[in-house]
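Trainee: So that we are looking at the same thing, I have put the structure below in C-alpha cells.
The values are calculated or read from the model by the stated rules, or taken from the named source; none is laboratory data. Predicted model only: the values in this text are computed from it and were never measured. Cβ placement follows ideal geometry from the backbone for every residue including glycine, while neighbour counts extend to all protein chains displayed.
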Amino acid sequence: MRPVRHSYLFILLVLLLASCASLSASPATHSPLREQLAVADTHTVEDAVRSCLASGGWKVDPVGGLSGGANVVSAKNAQNDQTQVFIQSPEMHPRVTGGPDYNDPFWKCFSQQLKAAKTAPAAKTED
C-alpha cells in the first residue's frame, strides 16, 4: 500500500509545480499586454519601459544597451536593487523579458502607457 501513497504524492507535487509555473509567467505573455506589444514599435516600447520604471521610483540608466539582439534598459531603486528589461523585436514572444517582479506596479503602468500610445492621435506633418 505504501507505493500507492508515494505515487499520489508525486502526482500532487507535479500538479502543484505545474500550476505555480503557469501563475508565474511574465505579464508580457498575457492579454492585453501581449497584444499591445505585438503592435507597438520598439521605440514606443522602450519609451514606455523607461517612463514606467522612473514613475515606480527606479533610477533609469540613460544609456541603453544591446544584448543578444535585444535593447536593454537598466535601472536601480533606492534599495540598490537592479533590474534590466530586455526588449525583443516585434516577432519575438515574449517581446519583453526581465524587469521588476511580476506583481510590481511597473507592469500595469507599462500596459497603460502602451494603450495610451496606441490611441494617441498621429502627429501632423507640415507640407
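Trainee: Somewhere in segment 103-113, is a residue out of contact with any Pro (no Cβ under 9 Å at 6 or more places or on another chain), surrounded by 19 or more Cβ atoms within 10 Å (Cβ to Cβ), assigned to a helix (DSSP H, G or I) and not charged (D, E, K, R)?
Mentor: yes
Trainee: Related question: Would you please list the contacts, defined by Cβ atoms under 6 Å and residues six or more apart or on different chains, that run from a residue in segment 41-70 that is part of a loop (DSSP other than H, G, I, E, B) to a residue that is surrounded by fewer than 14 Cβ atoms within 10 Å (Cβ to Cβ)?
Mentor: Close Cβ pairs satisfying both conditions: GLY56/PRO105.
Trainee: From the list SER24, SER7, SER89, SER55, which one is more than 14 Å from the chain's Cα centre (by Cα) and modelled with pLDDT under 95?
Mentor: Answer to the check: SER7.
Trainee: Sticking with this structure for a sec: Being closer than 15 Å to GLY56 by Cβ and outside any loop (DSSP other than H, G, I, E, B) is the filter; apply it to segment 77-86 and report the residue that is farthest from the chain's Cα centre (by Cα).
Mentor: For segment 77-86, the residue satisfying everything is GLN82.
Trainee: Given (1) under 13 Å from GLU46 (Cα atoms); (2) at pLDDT 95 or above; (3) not in a strand (DSSP E or B), where does SER74 come up short, assuming only one miss?
Mentor: Failed condition: (3).
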